[in-house]
1. Could you give the distance between the Cα centres of region 1-49 and region 61-93, to the whole Å?
2. What does the charge dipole of the chain about its Cα centre add up to, to the nearest 20 debye, if the Cβ of each Lys and Arg holds +1 and the Cβ of each Asp and Glu holds -1?
3. Could you identify which residue out of P76, P68, P31 has the top mean-square fluctuation in a GNM of the chain using Cα springs shorter than 10 Å?
4. Calculate how large, on average over all directions, the projected area of the Cα convex hull of region 3-85 is; give the answer in nm² to one decimal.
5. When N counts the residues of region 1-48, how does its alpha-carbon radius of gyration compare numerically with 2.2 N^0.38 Å, as a ratio?
Amino acid sequence: MAVVWIVEWDGITPELYGELTRRTNWETDLPDGLEHQVTAFSDKGLVLTQVWQSPDHVLRFMEDRLLPVVKAMGIPTMPRVDQHRVHSVLQPE
């Protein structure tokens with residue numbers, strides 16, 4: 001069951017995001033199960049929307065790659081995360 005994962009992370013600037021992606025290497029060594037990603041920034045911080053093949057894929061990525069880096073970087077906050085089952089995906093050509 002595919003899921004959409006919507007992350008709002010106050011205080012994560014483009015620079016911090018760049019360091020997170022560099023250390024996790026998730027944009028060049030794609031995590032298993034990640035199908036789509038859109039990255040944006042609001043006045044508050046990071047707004048990330050991802051589509052994953054399943055909740056288990058998200059959990060493995062969080063435990064194995066993201067959370068260890070967040071801890072190593074000393075980032076004191078965690079994001080607000082909403083996860084929903086995907087109903088449909090439209091991909092215009």
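Laboratory data are not the source of any read-out in this text; all were calculated from the coordinates shown. Because the structure is predicted, anything quoted here is derived from the model rather than measured. Every residue, glycine as well, gets a Cβ built from its backbone with ideal geometry; the counts of neighbours run over all protein chains shown.
1. 6
2. In debye, rounded to 20, the chain gives about 220.
3. P76
4. Projected area, direction-averaged: 4.9 nm².
5. Working it through for region 1-48, the quotient is 1.19.
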